[in-house]
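Trainee: Okay, here's the structure, questions in a sec.
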């Protein structure tokens with residue numbers, strides 16, 4: 001089996017997921033995982049599917065043909081993920097008044113610490129009492145074993161103070177070594 005990672009983008013309308021699922025199924029594939037959303041009237045998504053190696057070429061042609069129906073699909077084969085059990089899985093949460101640059105500054109600090117963002121979800125909403133725009137972010141991250149988590153937390157707290165946001169970094173799952 002060959003893993004494919006697909007990105008999808010097109011005008012939002014009913015039936016988009018079914019179009020892609022139909023191509024995957026018609027070529028003997030299996031839909032493994034995905035994240036899809038409606039953003040500013042567009043449908044955007046990413047998914048991973050596995051297909052028999054001898055059917056990948058035909059599936060890629062069929063997926064490319066979906067552009068005639070308004071859906072742009074980009075596909076790449078994926079290498080098997082290497083297991084890195086020493087990395088610590090953590091969740092990062094942020095809440096504060098919205099302003100430009102929050103994601104850039106936080107992601108820069110994480111990258112400089114060798115932290116890999118696996119999954120990131122962000123949202124803006126109106127604050128209950130003031131009506132001001134709140135920015136919320138939640139990310140699952142992989143922290144290398146060489147990273148001093150206490151120092152990382154201190155750096156995040158310093159930056160949070162500068163940005164006037166609240167941040168929280170917690171260990172996920174059974175891995176409680178990170179302190």
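Trainee: Residues to consider are 33, 18; find the one that is within 23 Å of residue 118 (Cα to Cα) and either in contact (Cβ under 8 Å) with a residue 40 or more places away in the chain or loosely packed, with under 15 Cβ neighbours inside 10 Å (or both). Lay out the reasoning, then the answer.
Mentor: On the way: 18 fails: within 23 Å of residue 118 (Cα to Cα).
When all the criteria are applied, what remains is 33.
Trainee: Another one. Tell me which residues, restricted to segment 102-118, are without any contact (Cβ under 8 Å) to a residue 40 or more places away in the chain and not in a helix (DSSP H, G or I).
Mentor: 114, 115, 116, 117, 118
Trainee: Let me ask another. Is it the case, given these coordinates, that residue 121 is surrounded by 11 or more Cβ atoms within 10 Å (Cβ to Cβ) and over 30 Å from residue 170 (Cα atoms)? So that I can check it myself, show each step before the final result.
Mentor: Values: surrounded by 11 or more Cβ atoms within 10 Å (Cβ to Cβ): yes; over 30 Å from residue 170 (Cα atoms): no.
It is false that residue 121 is surrounded by 11 or more Cβ atoms within 10 Å (Cβ to Cβ) and over 30 Å from residue 170 (Cα atoms).
Trainee: Please verify whether segment 3-26 includes one or more residues that are part of a loop (DSSP other than H, G, I, E, B), in contact with a helix residue (DSSP H, G or I) (Cβ under 7 Å, 6 or more places away or on another chain) and on the phi < 0 side of the Ramachandran plot. Outline the logic, then answer.
Mentor: We begin by selecting, within segment 3-26, every residue part of a loop (DSSP other than H, G, I, E, B); these are 12-15.
If we keep only those that are in contact with a helix residue (DSSP H, G or I) (Cβ under 7 Å, 6 or more places away or on another chain) as well, we get none.
No, segment 3-26 contains no residue that is part of a loop (DSSP other than H, G, I, E, B), in contact with a helix residue (DSSP H, G or I) (Cβ under 7 Å, 6 or more places away or on another chain) and on the phi < 0 side of the Ramachandran plot.
Trainee: Limited to segment 2-49, what total is found for residues that are farther than 20 Å from residue 120 by Cα and within 19 Å of the chain's Cα centre (by Cα)? So that I can check it myself, show each step before the final result.
Mentor: At the first step, the residues of segment 2-49 found to be farther than 20 Å from residue 120 by Cα are 2-4, 10-31, 41, 49.
In the following step, the residues that additionally are within 19 Å of the chain's Cα centre (by Cα) were identified as 3-4, 10, 17, 31, 49.
Counting residues in segment 2-49 that are farther than 20 Å from residue 120 by Cα and within 19 Å of the chain's Cα centre (by Cα) gives 6.
Trainee: Condition check: at pLDDT 90 or above and within 30 Å of residue 150 (Cβ to Cβ). Does residue 91 satisfy that? Break it down into steps so the answer makes sense when it comes.
Mentor: Details: at pLDDT 90 or above: yes; within 30 Å of residue 150 (Cβ to Cβ): yes.
For residue 91, the condition - at pLDDT 90 or above and within 30 Å of residue 150 (Cβ to Cβ) - is met.
Trainee: As an exercise: evaluate residue 52 against (1) within 18 Å of the chain's Cα centre (by Cα); (2) loosely packed, with under 15 Cβ neighbours inside 10 Å; (3) closer than 30 Å to residue 21 by Cβ and give the number of the one condition it does not meet.
Mentor: Going through the list (1) within 18 Å of the chain's Cα centre (by Cα); (2) loosely packed, with under 15 Cβ neighbours inside 10 Å; (3) closer than 30 Å to residue 21 by Cβ, residue 52 breaks only (1).
Trainee: Going by the conditions given, is residue 169 modelled with pLDDT under 95 and touching a strand residue (DSSP E or B) at 6+ places or on another chain (Cβ under 6 Å)? Give the steps one after another, and end with the answer.
Mentor: Values: modelled with pLDDT under 95: yes; touching a strand residue (DSSP E or B) at 6+ places or on another chain (Cβ under 6 Å): yes.
Spelling it out, residue 169 is indeed modelled with pLDDT under 95 and touching a strand residue (DSSP E or B) at 6+ places or on another chain (Cβ under 6 Å).
The values are calculated or read from the model by the stated rules, or taken from the named source; none is laboratory data. Bear in mind the structure is a predicted one, so any value in this text is a computation, not a measurement. Cβ coordinates were reconstructed from backbone atoms using ideal geometry, including for glycine residues, and neighbour counts include every protein chain displayed.
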